[in-house]
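Below: one structure, written as structure tokens.
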Amino acid sequence: MTAIYNFNIFRGINDLIEWASQQLVIYIDIFKYLLPAVPKTILITVSSFVLALALGLIFGLLRISYRKPVRTLAGIYIDAIRGVPLLVQIFFIYFGLGAVLNLERFTAGVLAIGICYSAYLAEIFRAGIEAIDHGQYEAAYSLGMTRLQTLRHVIIPQSIRIVIPPIANQFIAALKDSSLVSIIGLRELTRAGREYYSQNFTDFQTWLLVGVIYLIMTIGASRVVKWLERYFAVKGFGTLKA
Amino acid sequence: MIIQIKNLYRRFGKTQAVDDVSLDVEQGEVVVIIGPSGSGKSTFLRCLNALEDIDSGEIIIEGHRIDRSHKDIHRVRLEVGMVFQNFNLFPHLNVIENVKLAQKVVRKRSDDVAHRRALELLEQVGLGDKTLAYPAELSGGQKQRVAIVRALAMDPKIMLFDEVTSALDPEMIGEVLDVMKYLAQKGMTMLVVTHKLSFARDVADRVIFMENGRIVEQGSPAQIFDNPAIARTRQFLTSALGDQ
Ligand SMILES: Nc1ncnc2c1ncn2[C@@H]1O[C@H](COP(=O)(O)OP(=O)(O)O)[C@@H](O)[C@H]1O
Ligand SMILES: [Mg+2]
């Protein structure tokens, strides 16, 4: 009995090792398949975020223009975009505008995410600019600086420090939302995951690994942000010599 | 006349902050404005630098009409430097960059020229060794001297000082007043709002007592301090001297 029992344990361990190595082979296979799609996800995220930063800064500044109609129009842009799901915006830009303007998948995807996030970033920039003490404007104006010079040299450099953490959150959100463009056939990470599992039927392993890869990227991004925050915190606010 | 002000009015809601003020200031004159809190001293000074809209009246500085809606208003502001109670230094820039910024951006001076001008002025006020410090690392008195230097670096013709010692610890007031005295001796045209009556007595060519947005009385320091014509002035001076 003892011998059989031992034999069973032995078989059990053997099976386990066999199972684990099979799994490992599957995971490695999936990983090999997914990896080439990672740069595409990064490219989509970074491109659309650069667009979002530029548009967001412009609309954030228009939002605090001293011309009321300009403020109102910027407000409408921001509210309209924040009020529509990103997925609908992707469909609208790719199938709607894309058909007319002949947009490629990549352009449409980047445009959709970039425009969507610009509305959130505009609000962050606006808040960051409004957080600066009014005395800073008065000092700059009294030195003969124009409003634009004041914003550029005095206000915005101080706002950067305030807006970095919320902007970083938006970047991480955009990284995750980039998976939505898989639906228009852009071959990024999520799309690659769908392709793999539809051929191999390994749902569990595929989506687990896709998730883990996103997680690694978002953790990496927040690391970079921590570093950025420290870099900007030192400058000019006496944080070093508290 | 370097400054001509005619029938200036400025109102906030129901408060008539500046109420029919007329004033001429000569080149090199030091005018000290005193008066209780809320009497419109700050609003009046800010009008001169177009930081405040005016409801009616006229301000002419060196022949140029000050008009806030004018596109080139920042050009006129160049001739008028201002120093504030809360310093308003740029916290993200070190001392020398604070002094250089507007020289480069507005006066279009090269980095080198701006740097030399900044250094020269900082040395004059005893801050030659603080050029690389950030505002957060300075004492109040040092901050205010940097703020004065920052305004002076633009080579203004007129300097406005709004209670520049009010936020300072007592032991730091002297170092800032000394810089202002030095400027007055050098012939700068100055309008100074202050509670430091001893400074007014020593430095002012003319003292103005303001209340409820109006000029109640004006004259030489001797006239105002030793022999005020109006009872309200006397009353204010008695209470103000009690605080000194
Ligand atoms: N931006 C403003 N909005 C509303 N009221 C103001 C504003 N600035 C000043 N006032 C009012 O105008 C009056 C004069 O203020 P101020 O010029 O600051 O006086 P002072 O400098 O003599 O203390 C006060 O009653 C003050 O409350
Ligand atoms: Mg005041």
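The values are calculated or read from the model by the stated rules, or taken from the named source; none is laboratory data. The shown structure was predicted, so the numbers you read here are calculated from the model rather than taken from an experiment. All Cβ positions, glycine included, derive from the backbone under ideal geometry; neighbour counts span all protein chains shown. Just so you know, the surface numbers come from the protein's heavy atoms only, side chains and all, with ligands and any DNA or RNA stripped out. Shrake-Rupley method; radii C 1.70, N 1.55, O 1.52, S 1.80 Å.
Looking only at the range B:104-147, count how many residues are more than 12 Å from chain A (Cβ to nearest Cβ), among the hydrophobic types (A, V, I, L, M, F, W, C) and assigned to a helix (DSSP H, G or I).
6
Which number in (1) open to solvent by 30 Å² or more (accessible area, probe 1.4 Å); (2) away from ligand 2 (no atom under 16 Å from the Cβ); (3) modelled with pLDDT of 95 or more marks the one condition that B:I5 misses?
(1)
Looking at the range B:63-105 only, could you name the residues that are away from ligand 1 (no atom under 16 Å from the Cβ) and in contact with a strand residue (DSSP E or B) (Cβ under 8 Å, 6 or more places away or on another chain)?
Residues satisfying the conditions are B:R65, B:I66, B:V76, B:E79, B:V80, B:G81.
Determine whether the range B:12-21 contains at least one residue that is touching a residue at least 60 places away in the same chain (Cβ under 8 Å), more than 14 Å from chain A (Cβ to nearest Cβ), closer than 24 Å to B:P221 by Cβ and crowded, with 16+ Cβ neighbours inside 10 Å.
Yes, there is a match, as at least one residue in the range B:12-21 is touching a residue at least 60 places away in the same chain (Cβ under 8 Å), more than 14 Å from chain A (Cβ to nearest Cβ), closer than 24 Å to B:P221 by Cβ and crowded, with 16+ Cβ neighbours inside 10 Å.
Only residues that are open to solvent by 30 Å² or more (accessible area, probe 1.4 Å) and either within 11 Å of chain A (Cβ to nearest Cβ) or in contact with a helix residue (DSSP H, G or I) (Cβ under 9 Å, 6 or more places away or on another chain) (or both): list them for the range B:43-56, please.
Across the range B:43-56, the qualifying residues are B:R46, B:D53, B:I54.
Here is a check on your reading of the model: is A:Y117 surrounded by fewer than 22 Cβ atoms within 10 Å (Cβ to Cβ) and either of a type in the set (S, T, Y) or in contact with a helix residue (DSSP H, G or I) (Cβ under 8 Å, 6 or more places away or on another chain) (or both)?
No; evaluated as a whole, the condition is false for this residue.
Name, by its number, the condition in (1) surrounded by 15 or more Cβ atoms within 10 Å (Cβ to Cβ); (2) under 25 Å from B:V192 (Cα atoms); (3) away from chain A (no Cβ under 12 Å); (4) of a type in the set (D, E, K, R) that does not hold for B:E79.
(3)
Condition check ((1) among the basic types (K, R); (2) buried (at least 16 other Cβ atoms within 10 Å of the Cβ); (3) facing another protein chain (nearest Cβ under 10 Å)) across all residues:
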{"residue": "A:A139", "(1), (2), (3)": "no, yes, yes"}
{"residue": "A:G144", "(1), (2), (3)": "no, yes, yes"}
{"residue": "A:R161", "(1), (2), (3)": "yes, yes, yes"}
{"residue": "A:F171", "(1), (2), (3)": "no, yes, no"}
{"residue": "A:D177", "(1), (2), (3)": "no, yes, no"}
{"residue": "A:V181", "(1), (2), (3)": "no, yes, no"}
{"residue": "A:L189", "(1), (2), (3)": "no, yes, no"}
{"residue": "A:L209", "(1), (2), (3)": "no, yes, no"}
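Output the number of residues of the range B:151-178 satisfying the condition of being over 13 Å from the mean Cα position of the chain (by Cα) and either of a type in the set (D, E) or away from ligand 1 (no atom under 16 Å from the Cβ) (or both).
Here the count works out to 12.
Exactly one of (1) away from ligand 2 (no atom under 16 Å from the Cβ); (2) surrounded by 19 or more Cβ atoms within 10 Å (Cβ to Cβ); (3) under 24 Å from A:I132 (Cβ atoms) is unmet by B:I61. Its number?
All conditions are met except number (3).
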